[in-house]
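J.: Input: one structure, supplied below.
The values are calculated or read from the model by the stated rules, or taken from the named source; none is laboratory data. Quick caveat, the model's predicted, so the values are computed rather than measured. With ideal geometry, Cβ positions are generated from the backbone for all residues, glycine too; neighbour counts draw on all protein chains shown. Quick note on the areas: whole protein, heavy atoms, side chains included, nothing else; ligands and nucleic acids left out. Shrake-Rupley method; radii C 1.70, N 1.55, O 1.52, S 1.80 Å.
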Amino acid sequence: MEFTAEQIAGLLNGEVEGNANVMVNTLSKIEEGATSSLSFLANLAYEEHLYTTDASIVIINKNLSLKKEIKSTCTLVRVDDAYQSFTKLLEVYNQFRNNKTGIEKQTFIAESVTIGDDIYLGAFAYISDNAVIGNNVKIYPQSFIGENVKIGNNTLIYAGVKIYHDCVIGDNCILHAGAVIGSDGFGFAPNKEGGFDKIPQIGNVIIEDDVEIGPNNCIDRATMGSTIIKKGVKTDNLVHIAHNVVVGENTVLAGQTGISGSSKIGKNCMTGGQVGITGHITIGDNVKIAGQSGVSKDIKDNQILQGSPAFSYPDYMRSYASFKNLPSIVNRLNKLEKK
Amino acid sequence: MEFTAEQIAGLLNGEVEGNANVMVNTLSKIEEGATSSLSFLANLAYEEHLYTTDASIVIINKNLSLKKEIKSTCTLVRVDDAYQSFTKLLEVYNQFRNNKTGIEKQTFIAESVTIGDDIYLGAFAYISDNAVIGNNVKIYPQSFIGENVKIGNNTLIYAGVKIYHDCVIGDNCILHAGAVIGSDGFGFAPNKEGGFDKIPQIGNVIIEDDVEIGPNNCIDRATMGSTIIKKGVKTDNLVHIAHNVVVGENTVLAGQTGISGSSKIGKNCMTGGQVGITGHITIGDNVKIAGQSGVSKDIKDNQILQGSPAFSYPDYMRSYASFKNLPSIVNRLNKLEKK
Amino acid sequence: MEFTAEQIAGLLNGEVEGNANVMVNTLSKIEEGATSSLSFLANLAYEEHLYTTDASIVIINKNLSLKKEIKSTCTLVRVDDAYQSFTKLLEVYNQFRNNKTGIEKQTFIAESVTIGDDIYLGAFAYISDNAVIGNNVKIYPQSFIGENVKIGNNTLIYAGVKIYHDCVIGDNCILHAGAVIGSDGFGFAPNKEGGFDKIPQIGNVIIEDDVEIGPNNCIDRATMGSTIIKKGVKTDNLVHIAHNVVVGENTVLAGQTGISGSSKIGKNCMTGGQVGITGHITIGDNVKIAGQSGVSKDIKDNQILQGSPAFSYPDYMRSYASFKNLPSIVNRLNKLEKK
């Protein structure tokens, strides 16, 4: 895809300063801008790069007055809000990226499947009996859609996602490569022989609208009922969510976070990386949990936590500062005892 | 699948109270029971729900005398033991679920493969040279079975599992989607150029009978010899098991547990989520390790551990209670010193 | 594959002592050696096993004088350096293993793809538009190569790897099963409705030469620019690398390590298992980080760290020793206060 400065100005209601016919085929940061790339200047802390960048086009604000000459190879496109305009371009760019449609030949589609309009279905994707696929859904190669799975409109499923039977995915979701949705909950009952009998896991996973699930995540189905990922939740890479968990609206889980069975997480929470949450607890709304912390009991709204087990973040930091000094604290105690 | 109350009573040797023709097509918890669902009451703590549930059928004990009227939409099936009967139904339900047989068209099966009776092989599955697949094995779509791999009878391999060459999987195992079995151990020797030479990893993984491996687990092959997952082991989501590890019988590893190379874990152990076990150590039988703990040395039988590095669980909790109070402890020390 | 003692001696410039026609078909450790296996003795601590091993062939040094008789079933091959010779055999063995070539029938190859010589492409692999595949590359079944991806010479991609569009993989790399390269960075901007808007992720991942990526790793593409995994890096199972991270040459990341967005890791570093590194920090060269530690700030060269947050390893161990004694320390303080 190549665009001229004139085409970009047209798209953004901007004005060209320089060569209107210069072409770009990629985007760059202004400090790394190379020939044939388009960049932007929104934060004036980066203004110096405007005068040295090799980017072929830079988007800047209409009201910015230049302090020096820019390179002769650089064309400006002036707009009302450079940041917003660049974001708009990013979206256009991504829509071009993900504009695949059609059903490739080497797919498996069970007869009983219901498929919406304008979908993309990549080769080696497998759609099981009674699955219902919405409009404008894109399912990349090698994905597996189990029996009775429902997928809402405009949802994007990358390569190699595996969705077990009976799960429900909402509208406008993104599921990244290798994510597993609806695997069995980890439930076993000790038996007389000293081993374990499997407790059948007959629930499902419900992922509501506007959710993004990271690559190689594992979200287990409920034992009975549903594991629920509510509207607007975002999960990072390698997140583990156990059976019967509920993750509240717009909660964000960073990489390698793990949530044990039946815990309920509130709305607008954030976990740092590698956070662990034990089973059967309830965490309120707007809770923030520092990376590597382990939450082992119910938490009220608006808390900020750290530690394993986790408690108040500022208290943890104070205790940890003393922990670093423990050998000298012990020395002081030794001295006092001698006196 | 729909069943009448009469059919269910027949299956369970039970007696119908109410409309014998009412139909159900799913299972539910009694407190969440909806029309057309079947539920059960075993724990009398939930008895109140019996009188308000919308479930169409509820299984209860023969000797339970009702305290109030139940809803007119609710049919009872009375049995000797409601919990056992419900478990039996779950198993029947799951057998219906997993009753696929036959080899779908778009599979790859090398000529030298040996395949047992009554297997299911989903589309886009790949079976390499000299693999041996037992009877009644189910291999879901997009799974990869490497050269010389042996898979025992009645084993269930979900979508997208990858098993490298020479690995051995026992009878009655379940491998969840995305699990990787037999990837190279992480072994490198420093070379003269400051980088690393790969140490060839020529061993394999042996998974014994009755093992369940969670989704997106990674179990590395041994450098030489075998990484061994013994009979009855269960692993949760995203577990990491390195080369030459041995996990003892009926040991249970919770989500995101990681075990480094050459460590031996005993029988009937349990790890909490995100536990880490260092390399080349031996952990005894019946050891329990709290979530997020890190075990760095040999551990005797029957220990309960917490911390990173881990030590006795009650001692850790006592130390951690003092850790929370460290700032006030330091204050007290300051005061004493002033005196 | 079967080899005689004579063939092996020929390959290694060695001399046979015993039955030159005895055949082996596998490799073993000398202490576990079984009939038809080949073993070696390099470390004299294991010499006793030489006289009892059931291995059919053992490679030993020319200058080793036997202290006892070996078993009559055991043939020796004497060489200048037994360890080096065995390593050479391992490499030959592995080359036999991975000697697949040719393009299997059920693959998807877009028309615009460029493919080098002597490649192997397994069934159900998918190669998207404009991908460029080097010479002697092996792509195992069910892998996904996105649009514009470039893969260097001699690179080995195991089953089910997913590489998103625009990513670049160097020469002599190994990507293990289930690894995801180039998934979206985890970037969201809060919106007026209390939810999050996705920040388009238009960068890529660059993996340089001689890199080995473990199974089910997730390496995110940069928001803009590149996430870079430099020459010689090795990652273990289930490693998470976020957008815009740079991992320096020959750095080694153990299992379940996670690195947050935009952090830069130096050369020749090593992380233990389950290490977490926060975002936007810089870690120097030759830094070693103990398992389960969390690094939260810039780190200079040559440091050894532990803790969460991490500080100097010996200091952490001293503090942790006192932590274990905290209850008795508090007791001593109590006693002093009473006085």
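J.: Need the list of aspartates and glutamates near B:Lys88 for cross-linking: C-alpha distance under 13 angstrom, and skip anything on the same chain fewer than eight residues off.
T.: A:Asp197, B:Asp80
J.: Report C:Glu91's accessible area, 1.4 Å probe, all protein chains in place, as a number in Å² to the nearest 10.
T.: 90
J.: Also, I was wondering about something else. Which whole-number value in Å² is the accessible area per residue of the stretch B:102-316, probe 1.4 Å? Numbers along the way, then the final one.
T.: Details: 6520 Å² over 215 residues.
I get 30 Å² per residue for the stretch B:102-316.
J.: Could you please put A:Asp197, C:Asp236, A:Asp209 in sequence from largest to smallest accessible area, using a 1.4 Å probe?
T.: Of A:Asp197, C:Asp236, A:Asp209, the descending order of accessible area is A:Asp197, A:Asp209, C:Asp236.
J.: Between B:Lys88 and B:Ile109, what FRET efficiency comes out of the Förster formula 1/(1 + (r/R0)^6) with R0 = 45 Å and r the beta carbon distance, rounded to 0.05?
T.: 0.80
J.: Which is farthest toward the positive dipole end of chain A among A:Val239, A:Asn25, A:Val275, measuring Cα position about the Cα centre, with Cβ charges +1 (Lys, Arg) and -1 (Asp, Glu)?
T.: Working it through, the farthest residue towards the positive pole turns out to be A:Val275.
J.: While we're here: Run the numbers on the stretch A:277-310: which residues show a drop of 30 Å² or more in accessible area, chain on its own versus all protein chains together, using a 1.4 Å probe over heavy atoms?
T.: So the qualifying set is A:Gln292, A:Ser308, A:Pro309.
J.: So, with a 1.4 angstrom probe, what is the percent of accessible area on chain A that is carbon and sulfur?
T.: Percent of accessible area from carbon and sulfur atoms in chain A: 48.
J.: Could you give the alpha-carbon Rg of the stretch C:73-192 over 2.2 N^0.38 Å, rounded to two decimals? The partial results should precede the final answer.
T.: On the way: Rg = 18.9 Å, N = 120, 2.2 N^0.38 = 13.6 Å.
Scaled against compact globular proteins, the figure is 1.39.
J.: Tell me which aspartates and glutamates have Cα within less than 15 Å of B:Lys68's Cα, excluding those fewer than 8 residues away on the same chain?
T.: B:Glu17, B:Glu47, B:Glu48
J.: Among A:Ile157, A:Leu89, A:Asn130, which residue has its Cα furthest toward the positive end of the charge dipole of the stretch A:58-158, with +1 on Lys/Arg Cβ and -1 on Asp/Glu Cβ?
T.: A:Leu89
J.: Can I ask one more? Expressed in whole Å with the largest first, what are the equivalent ellipsoid semi-axes of the stretch C:3-97 derived from the C-alpha gyration tensor as the square root of 5 times each eigenvalue?
T.: In descending order the semi-axes read 18, 14, 13 Å.
J.: Looking at chain C, send over the antiparallel percent of its DSSP beta bridges, to the nearest 5. Show your work: numbers first, answer last.
T.: Numbers: 11 of 78 bridges.
That works out to approximately 15 percent antiparallel.
J.: Placing unit charges on C-beta atoms (Lys and Arg positive, Asp and Glu negative, everything else neutral), compute the dipole magnitude of the stretch A:80-193 about its Cα centre in debye, rounded to 20.
T.: Working: 8 positive and 13 negative charges, 56 e Å.
Result for the stretch A:80-193 is approximately 280 debye, rounded to the nearest 20.
J.: Okay, next question. Modelling each spin label as a point 7 Å along the Cα-to-Cβ direction, I'd like the C:Ser65/A:Phe96 distance in nm, to one decimal.
T.: Here the modelled spin labels are 7.9 nm apart.
J.: Next question. List the residues of the stretch C:86-123 whose backbone N lies under 15 Å from a point placed 7 Å from the Cα of C:Asn135 along the Cα-to-Cβ direction.
T.: C:115-120
J.: Structure shown: which of A:Lys138/C:Lys192; B:Lys338/C:Lys324; A:Lys234/B:Lys234; C:Lys162/C:Lys234; A:Lys100/C:Lys105 lie over 22 Å apart, alpha-carbon to alpha-carbon?
T.: Values: A:Lys138/C:Lys192 28 Å; B:Lys338/C:Lys324 27 Å; A:Lys234/B:Lys234 29 Å; C:Lys162/C:Lys234 18 Å; A:Lys100/C:Lys105 24 Å.
A:Lys138/C:Lys192; B:Lys338/C:Lys324; A:Lys234/B:Lys234; A:Lys100/C:Lys105, as the Cα separations exceed 22 Å there.
J.: Quick check for me: using +1 on Lys/Arg Cβ and -1 on Asp/Glu Cβ, what's the dipole size of chain A about its Cα centre, in debye to the nearest 20?
T.: On the way: 30 positive and 36 negative charges, 351 e Å.
Magnitude of the dipole: close to 1680 debye.
J.: Moving on to the next point. Need one number: convex hull volume per residue for the stretch A:214-309, Cα atoms only, in Å³. Provide the component values of the computation, followed by the final result.
T.: On the way: hull volume 6.5 nm³, N = 96.
Once divided by residue count, the hull of the stretch A:214-309 is 67 Å³.
J.: In addition: List the residues of the stretch B:250-287 whose backbone N lies under 18 Å from a point placed 7 Å from the Cα of C:Met317 along the Cα-to-Cβ direction.
T.: B:278-281
J.: Can you pull the accessible area of C:His49 for me, 1.4 Å probe, Å² to the nearest 10?
T.: Taking all protein chains as shown, C:His49 has close to 70 Å².
J.: Shifting gears a bit: Using the reciprocal of the averaged 1/r over all distinct C-alpha pairs, how large is the Kirkwood radius of the protein assembly as shown in Å?
T.: With all distinct Cα pairs of the protein assembly as shown included, I get 30.6 Å.
J.: Okay, moving on. Enter the buried accessible area of the B/C pair, total of both sides, probe 1.4 Å, in Å² rounded to the nearest 100.
T.: Approximately 4700 Å² gets buried when B meets C.
J.: Provide an ascending nm list, one decimal, of label-point separations from C:Asn63 to the equivalent residue in each further copy; define each label point as 7 Å from Cα along Cα→Cβ.
T.: Ordered by increasing distance: 8.4, 8.4 nm.
J.: Hey, another quick one. Please express the Cα-Cα pair-distance distribution P(r) of chain C as a list of whole percents, one per 20 Å bin, running from 0 to the bin with the greatest distance.
T.: 26, 39, 30, 6, 0
J.: Just check the stretch B:49-98 against the gyration tensor rule for me: Cα atoms, a ≥ b ≥ c as the square roots of the eigenvalues, rounded for a/c under 1.5, and otherwise prolate or oblate depending on whether a/b exceeds b/c.
T.: Values: a/c = 3.47, a/b = 1.69, b/c = 2.05.
Oblate shape, in that a/c is at least 1.5 and b/c is the bigger or equal ratio.
J.: A further question on this structure: How far apart are the B:Glu91 label points across copies, placing each 7 Å from Cα toward Cβ, in nm, shortest first?
T.: Counterpart label points of B:Glu91 in the remaining copies fall at 5.6, 5.6 nm.
J.: When each copy gets a label point 7 Å from Cα toward the beta-carbon at A:Lys192, what are the spacings between them in nm, shortest first?
T.: The answer, with the shortest distance listed first, is 6.8, 6.8 nm.
J.: Can you give me the Cα centroid spacing of the stretch A:243-280 and the stretch C:148-197 in angstrom?
T.: For the stretch A:243-280 versus the stretch C:148-197, the Cα centre distance is 25 Å.
J.: Using Cα pairs closer than 8 Å and at least 6 residues apart in sequence, work out the relative contact order for the stretch A:3-97, in percent.
T.: For the stretch A:3-97, the relative contact order is 27 percent.
J.: Which percentage, to the nearest 5, of the DSSP beta bridges contained in the protein assembly as shown is antiparallel? Please report the intermediate quantities before stating the final value.
T.: Details: 33 of 234 bridges.
That works out to approximately 15 percent antiparallel.
J.: A follow-up question, please. Taking only C-alpha pairs under 8 Å that are 6+ residues apart, what is the relative contact order of chain B in percent?
T.: For chain B, the relative contact order is 6 percent.
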